[in-house]
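K.L.:
Sharing a structure, written as structure tokens. Questions coming.
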Amino acid sequence: VLAEKRSLGSRDGPPHLVVVVQLHSRAAAQDTLRLLQSQDSAVVRVDEGRAGGFALLCPRFKQRWRFVTAQAGDLHAVLDLAKVADSLLFILDPVDGWDSAGEHCLSCLFAQGLPSYALAVPGGSDLPPKKRIDARKKLAKATEKRFPEAKLFPLNTEQESSLLLRHLSTQKQRHLAFRDRRAHLLAYAAEFVPGQESDLVGTLKVSGFVRGQTLDVNSLVHIVGHGDFQVSQVDAPPDPLSLNPRVVKGQKRSQDMEIQEDPVNGTDEMEEDVKVLMKADPSKQESLQSEVVPDPMEGEQTWPTEEELQEAEDSLKANRRVVKVPKGTSKYQAAWIVDDGEEGSEKDDDEDDDIDDDLMEEAVSQEGESSEEEPGEEESETMTVSECLRDDQYDEKMEEDEQMLERYKQQRMDEMFPDEVDTPRDVPARVRFQKYRGLKSFRTSPWDPKENLPRDYARIFQFQDFSRTRKHLFRQIEKEETEGALVGWYITLHVCNVPVSVMESFKEGKPLVLFSLLPHEQKMSVLNFLVHRHPSNTEPVRAKEELIFHCGFRRFRASPLFSQHTSADKHKLERFLRPDAALVVTVYAPITFPPASVLLFKQRSNGKDDLIATGSLLSVDPDRIVIKRLVLSGHPFKIFTKTAVVRYMFFNREDVMWFKPVELRTKWGRRGHIKEPLGTHGHMKCHFDGQLKSQDTVLLNLYKRFFPKWTYDPHVPDSVPWVRSESALPEQEVEME
């Protein structure tokens, strides 16, 4: 612990990286930075023009700090900087502490994982002494809930800023597991060299201090928000934040002598030159292959033998049919004349292809049926909405509000009647639900995880034993020493085939964060996250909606499935993200070794991101079975002792016969089965284990396995600054009404 504390910010370790986060629009962040810069003469200031930060070097205490300011309201930038920061410096308002945007930012930081932090309160000196004391007591009480045992540091004089610096350098460092096992760096400088073929793609030279673990040139690097890339070489330029330049240069030269294969010229003129530490070895370099290219011919039979050809010819002769044809018909014309039986089978095949079962289509069909059955209710709703139109601004948002109203109705219907679906009248139920099956018991009935897999499963990777591979990798990281750039070195990475958009975002002031990947972490698989709904957001979130994920060091877009978190081998699909229970979110994404936190954001139409759920990575398991349940409901028409006539579940005799083997249940706990159909309009005679009540409902459960959609996108654009607008409150009130 002592060695770790002494190395951080010292000559041999990386500078102490402090990220300044403004939690209130009135908080005086600039005054804080000015005070920290105006230290005594022993502190040297090195200004950074691009990032808006600065560095403090103190040779007397052998300490160096680097301060980086996060752009106010840019949530993705704050989260990316917090992934690599040693300490966070929160700037509070002396009266209110933090506003709604600051509360949102804190919620995201706590969910992602909070490094060491300090609370600074600049200003407040203009208040009268009595009000100043009262404001400080009120602020201490408010911060105690969020930050128990945290100390508030007033920042009005140079002496108070020195106390804050001492606290930052001596406090205990908090560890984030996902970054301690991977090498990472925050770009101090960057240069883009266009490629020979195109100016849009080239080599990105990123300079920064190595943190976390030793960085291997043969491993892949992940640029947060942009994807995975290969490294061609690692250079060792002069340290721009050196406490003692001569000593560091001599020491770095001796280290380079041991690593380099080529002899190094030791003249004074070469000291300023950039030294090549190591180059990538193509035989040892990790591949960028993220998915398997499926072979459509795999599993096909080889060229048939003579015996097989003879056998096929004999079977053709045996299966030749005799068809009555008009006189003078040729053999070619006779081949096109089909029997009645063949016509029926072709029709069935066409129907199989036309039926596509999807959650969104199902919702549309339900809306259509409900609108046909209740036209009056639909008209009255339209009238109530139109009466609310009082100004032009609200009129522009009417389409959004109608969609949101429809989602609220669907969510409420799903809560009142979970998984219930109306049997269609225009399509036979045996055709509409042909991909579903009945189960004797959802908990104990077997279901083969390798059965009827989609084509996307041919593109992903799966571990034979994921937990064993993870333990083996982590054991290697702890015990074996890898060759590469050590922690604390200032290096330049040559990252290959990088789009020019990465450099453009860096020039705009966005942070450029790199993480080295562990083996297999570039490969695609099925990831399962355990999440809880965040209380700040109450809007309905439907399955397969596009969400933004912050998973450990990654940031990506995907359309997830929601399912229940149970210890069984089958898990029921949830149509909406529920606020009252923990759910499992399933997506196609690159493999990540837990522990890793996860944040789910939903992007509004105006570009702002709302935090909807937080949690952690549960497993990487494509064999986790997510089952969608459909419930067909019928009503007892005539009730006898242990039998009843049920109607409205089916509307033709053939459907009753088709679903006869499936067990029935009722909402009041009775169990039974179909005995026989009555008539031709779907009435059926059912037998139960007891007498039904007249108000009971008969249910039939059908099940089908569901898979996520392949919508993974590693390129996530920066969000609009999250600032609470004055018009947000009336919108919420109208939605609640």
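K.L.:
Considering only residues that are in a loop (DSSP other than H, G, I, E, B), small (Gly, Ala, Ser) and at pLDDT 80 or above, look in the stretch 235-293 and name the one that is farthest from the chain's Cα centre (by Cα). Can you show your working first?
P.N.:
To start, the set of residues in the stretch 235-293 that are in a loop (DSSP other than H, G, I, E, B) comprises 237-244, 260-267, 273-274, 280-293.
From what's left, small (Gly, Ala, Ser): 242, 266, 280, 283, 287, 290.
Among the residues that remain, those that are also at pLDDT 80 or above are: 280, 283, 287, 290.
Values: ALA280: 31, SER283: 33, SER287: 24, SER290: 17 Å.
The residue in question is SER283.
K.L.:
Next question, about the same structure. From ALA142, ALA190, which residue is modelled with pLDDT of 85 or more and either at negative phi or of a type in the set (Lys, Arg) (or both)?
P.N.:
Values: ALA142 fails: modelled with pLDDT of 85 or more.
Of the residues listed, the single one that is modelled with pLDDT of 85 or more and either at negative phi or of a type in the set (Lys, Arg) (or both) is ALA190.
K.L.:
Taking into account only those residues within the stretch 120-157 that are more than 28 Å from LEU600 (Cβ to Cβ) and within 33 Å of the chain's Cα centre (by Cα), which is most open to solvent (accessible area, probe 1.4 Å)? Full working, then the answer.
P.N.:
The initial filter retains those residues of the stretch 120-157 that are more than 28 Å from LEU600 (Cβ to Cβ), namely 120-141, 144, 149, 151-157.
Among the residues that remain, those that are also within 33 Å of the chain's Cα centre (by Cα) are: 120, 144, 149.
Details: ALA120: 0, GLU144: 117, GLU149: 187 Å².
If we take residues in the stretch 120-157 being more than 28 Å from LEU600 (Cβ to Cβ) and within 33 Å of the chain's Cα centre (by Cα), then GLU149 is most open to solvent (accessible area, probe 1.4 Å).
K.L.:
Also, I was wondering about something else. Take the stretch 622-633 and flag every residue that is farther than 16 Å from PHE562 by Cβ and either buried (at least 16 other Cβ atoms within 10 Å of the Cβ) or among the β-branched types (Val, Ile, Thr) (or both).
P.N.:
Pass one, the stretch 622-633, residues farther than 16 Å from PHE562 by Cβ: 622-623, 630-633.
Within the stretch 622-633, PRO622, LEU630, VAL631, LEU632, SER633 meet the criteria.
K.L.:
Hey, another quick one. Could we say that GLU481 is among the acidic types (Asp, Glu), under 23 Å from GLY227 (Cα atoms) and open to solvent by 40 Å² or more (accessible area, probe 1.4 Å) here?
P.N.:
Values: among the acidic types (Asp, Glu): yes; under 23 Å from GLY227 (Cα atoms): no; open to solvent by 40 Å² or more (accessible area, probe 1.4 Å): yes.
Judged against the criteria, GLU481 is not a match.
K.L.:
Give just the number: which of (1) open to solvent by 70 Å² or more (accessible area, probe 1.4 Å); (2) within 25 Å of SER563 (Cβ to Cβ); (3) in contact (Cβ under 8 Å) with a residue 60 or more places away in the chain does HIS715 not satisfy?
P.N.:
Status for HIS715: all satisfied but (2).
K.L.:
Taking VAL541 and the conditions (1) closer than 17 Å to LEU611 by Cβ; (2) modelled with pLDDT of 90 or more; (3) among the β-branched types (Val, Ile, Thr), which numbered condition does it fall short on, given that it satisfies the others?
P.N.:
(2)
K.L.:
So, one more: Suppose we filter the stretch 483-511 for residues that are in a loop (DSSP other than H, G, I, E, B) and closer than 26 Å to HIS76 by Cβ; how many remain? Steps first, answer last, please.
P.N.:
Step one: list which residues in the stretch 483-511 are in a loop (DSSP other than H, G, I, E, B), which gives 483-484, 486-489, 508-511.
Next cut, closer than 26 Å to HIS76 by Cβ only: 508-511.
Adding up the residues that qualify gives 4.
K.L.:
Would you tally the residues in the stretch 160-189 being of a type in the set (Lys, Arg), surrounded by fewer than 21 Cβ atoms within 10 Å (Cβ to Cβ) and outside any helix (DSSP H, G or I)?
P.N.:
3
K.L.:
Among the residues of the stretch 444-462, are any at pLDDT 85 or above, among the basic types (Lys, Arg), exposed (fewer than 14 other Cβ atoms within 10 Å of the Cβ) and assigned to a loop (DSSP other than H, G, I, E, B)? Walk me through it before giving the result.
P.N.:
Step one: of the stretch 444-462, the residues at pLDDT 85 or above are 444-462.
Still in the list and also among the basic types (Lys, Arg): 450, 455, 459.
Still in the running and exposed (fewer than 14 other Cβ atoms within 10 Å of the Cβ): 450, 455.
Going one step further and asking which of them are assigned to a loop (DSSP other than H, G, I, E, B), we end up with 450.
Yes - at least one qualifying residue is present in the stretch 444-462.
K.L.:
In the stretch 426-437, what count of residues is obtained for those that are open to solvent by 40 Å² or more (accessible area, probe 1.4 Å) and in a loop (DSSP other than H, G, I, E, B)? Before the answer, list the steps.
P.N.:
At the first step, the residues of the stretch 426-437 found to be open to solvent by 40 Å² or more (accessible area, probe 1.4 Å) are 426-428, 430, 432, 434-435, 437.
Narrowing further to those that are in a loop (DSSP other than H, G, I, E, B): 426-428, 434-435.
Residues in the stretch 426-437 being open to solvent by 40 Å² or more (accessible area, probe 1.4 Å) and in a loop (DSSP other than H, G, I, E, B): 5 in total.
K.L.:
Can you confirm whether THR641 is closer than 26 Å to VAL431 by Cβ and loosely packed, with under 14 Cβ neighbours inside 10 Å?
P.N.:
Working: closer than 26 Å to VAL431 by Cβ: no; loosely packed, with under 14 Cβ neighbours inside 10 Å: yes.
For THR641, the condition - closer than 26 Å to VAL431 by Cβ and loosely packed, with under 14 Cβ neighbours inside 10 Å - is not met.
K.L.:
Of all residues being part of a strand (DSSP E or B) and either modelled with pLDDT of 90 or more or open to solvent by 10 Å² or more (accessible area, probe 1.4 Å) (or both) in the stretch 591-610, which is nearest to HIS104 (Cα to Cα)? Just the residue, please.
P.N.:
First pass over the stretch 591-610, keeping only residues part of a strand (DSSP E or B): 597-603, 609-610.
Subsequent filtering for residues that are either modelled with pLDDT of 90 or more or open to solvent by 10 Å² or more (accessible area, probe 1.4 Å) (or both) retains 597-603, 610.
Details: SER597: 17, VAL598: 16, LEU599: 12, LEU600: 13, PHE601: 12, LYS602: 14, GLN603: 15, ASP610: 9 Å.
Among residues in the stretch 591-610 that are part of a strand (DSSP E or B) and either modelled with pLDDT of 90 or more or open to solvent by 10 Å² or more (accessible area, probe 1.4 Å) (or both), the one nearest to HIS104 (Cα to Cα) is ASP610.
K.L.:
Further question on the same structure: Can you tell me which residue among THR423, THR469 is within 30 Å of LYS660 (Cβ to Cβ) and surrounded by 13 or more Cβ atoms within 10 Å (Cβ to Cβ)? Outline the logic, then answer.
P.N.:
Working: THR469 fails: within 30 Å of LYS660 (Cβ to Cβ).
It is THR423.
K.L.:
Here is a follow-up. Any residue in the stretch 688-708 that's among the hydroxyl-bearing types (Ser, Thr, Tyr): show its pairings with residues that are part of a strand (DSSP E or B) at Cβ separation under 6 Å, as long as the two are six or more apart or on different chains.
P.N.:
Within 6 Å, the pairs are THR697/SER633; TYR703/ARG437; TYR703/ILE627; TYR703/ARG629.
K.L.:
Name every residue in the stretch 124-165 that is within 28 Å of LEU79 (Cα to Cα) and out of contact with any strand residue (DSSP E or B) (no Cβ under 8 Å at 6 or more places or on another chain), in order of residue number.
P.N.:
Correct list: LYS141, GLU144, LYS145, ARG146, PRO148, GLU149, SER162.
K.L.:
Can you tell which of VAL500, VAL495 is open to solvent by 20 Å² or more (accessible area, probe 1.4 Å) and either of a type in the set (Phe, Trp, Tyr) or within 30 Å of ASP199 (Cβ to Cβ) (or both)?
P.N.:
On the way: VAL495 fails: open to solvent by 20 Å² or more (accessible area, probe 1.4 Å).
When all the criteria are applied, what remains is VAL500.
K.L.:
A follow-up question, please. So which residues in the stretch 193-221 are open to solvent by less than 40 Å² (accessible area, probe 1.4 Å), within 24 Å of HIS550 (Cα to Cα) and in contact with a Lys or Arg (Cβ under 7 Å, 6 or more places away or on another chain)?
P.N.:
Within the stretch 193-221, just GLY212 meets the criteria.
K.L.:
If I filter the stretch 672-687 for residues that are over 22 Å from PHE433 (Cβ atoms), modelled with pLDDT of 90 or more and open to solvent by 60 Å² or more (accessible area, probe 1.4 Å), do I get at least one hit?
P.N.:
yes
K.L.:
Across the stretch 597-629, which residue is nearest to ALA543 (Cα to Cα) among those that are among the small types (Gly, Ala, Ser) and out of contact with any strand residue (DSSP E or B) (no Cβ under 9 Å at 6 or more places or on another chain)?
P.N.:
My answer is SER605.
Listed here are the residues, each with its yes/no results for (1) in contact with a helix residue (DSSP H, G or I) (Cβ under 9 Å, 6 or more places away or on another chain); (2) at pLDDT 90 or above; (3) not in a strand (DSSP E or B).
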{"site": "LYS628", "(1), (2), (3)": "yes, yes, no"}
{"site": "HIS635", "(1), (2), (3)": "no, no, no"}
{"site": "LYS638", "(1), (2), (3)": "no, no, no"}
{"site": "THR641", "(1), (2), (3)": "no, no, yes"}
{"site": "ALA644", "(1), (2), (3)": "no, yes, no"}
{"site": "MET649", "(1), (2), (3)": "yes, no, yes"}
{"site": "GLY669", "(1), (2), (3)": "no, no, yes"}
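K.L.:
Among the residues of the stretch 517-525, is there at least one that is more than 23 Å from SER287 (Cβ to Cβ), modelled with pLDDT of 90 or more and not basic (Lys, Arg)? Can you show your working first?
P.N.:
To start, the set of residues in the stretch 517-525 that are more than 23 Å from SER287 (Cβ to Cβ) comprises none.
Scanning the stretch 517-525 turns up no residue that is more than 23 Å from SER287 (Cβ to Cβ), modelled with pLDDT of 90 or more and not basic (Lys, Arg).
K.L.:
Working only within the stretch 82-111, note down all residues that are under 16 Å from CYS551 (Cα atoms) and open to solvent by less than 10 Å² (accessible area, probe 1.4 Å). Full working, then the answer.
P.N.:
Initial filter on the stretch 82-111 (under 16 Å from CYS551 (Cα atoms)): 82-84, 107-111.
ALA82, LYS83, VAL84, CYS108, LEU109, listed by residue number.
K.L.:
If you don't mind, there's one more thing I want to ask. Answer with yes or no whether GLN22 is assigned by the TED database to the domain that holds SER161, modelled with pLDDT of 80 or more, more than 19 Å from PRO115 (Cα to Cα) and surrounded by 20 or more Cβ atoms within 10 Å (Cβ to Cβ). Spell out the reasoning first.
P.N.:
Working: assigned by the TED database to the domain that holds SER161: yes; modelled with pLDDT of 80 or more: yes; more than 19 Å from PRO115 (Cα to Cα): no; surrounded by 20 or more Cβ atoms within 10 Å (Cβ to Cβ): yes.
Criteria not met by GLN22.
K.L.:
Let me ask you something else. Among the residues of the stretch 192-215, how many are touching a residue at least 24 places away in the same chain (Cβ under 8 Å) and either within 24 Å of GLU508 (Cα to Cα) or more than 27 Å from the chain's Cα centre (by Cα) (or both)? Write out each step before concluding.
P.N.:
Restricting attention to the stretch 192-215, the residues satisfying the condition of being touching a residue at least 24 places away in the same chain (Cβ under 8 Å) are 192, 194-195, 199-215.
Okay, now just the ones that are also either within 24 Å of GLU508 (Cα to Cα) or more than 27 Å from the chain's Cα centre (by Cα) (or both), so 192, 194-195, 199-210, 214.
Count: 16.
The values are calculated or read from the model by the stated rules, or taken from the named source; none is laboratory data. Since the structure is predicted, the reported quantities are computational estimates derived from the model, not experimental observations. Reconstructed Cβ throughout: ideal geometry from the backbone, glycine too, with neighbour counts over all protein chains shown. Keep in mind that these areas ignore ligands, DNA and RNA; they rest on the heavy atoms of the full protein, side chains included. Shrake-Rupley method; radii C 1.70, N 1.55, O 1.52, S 1.80 Å.
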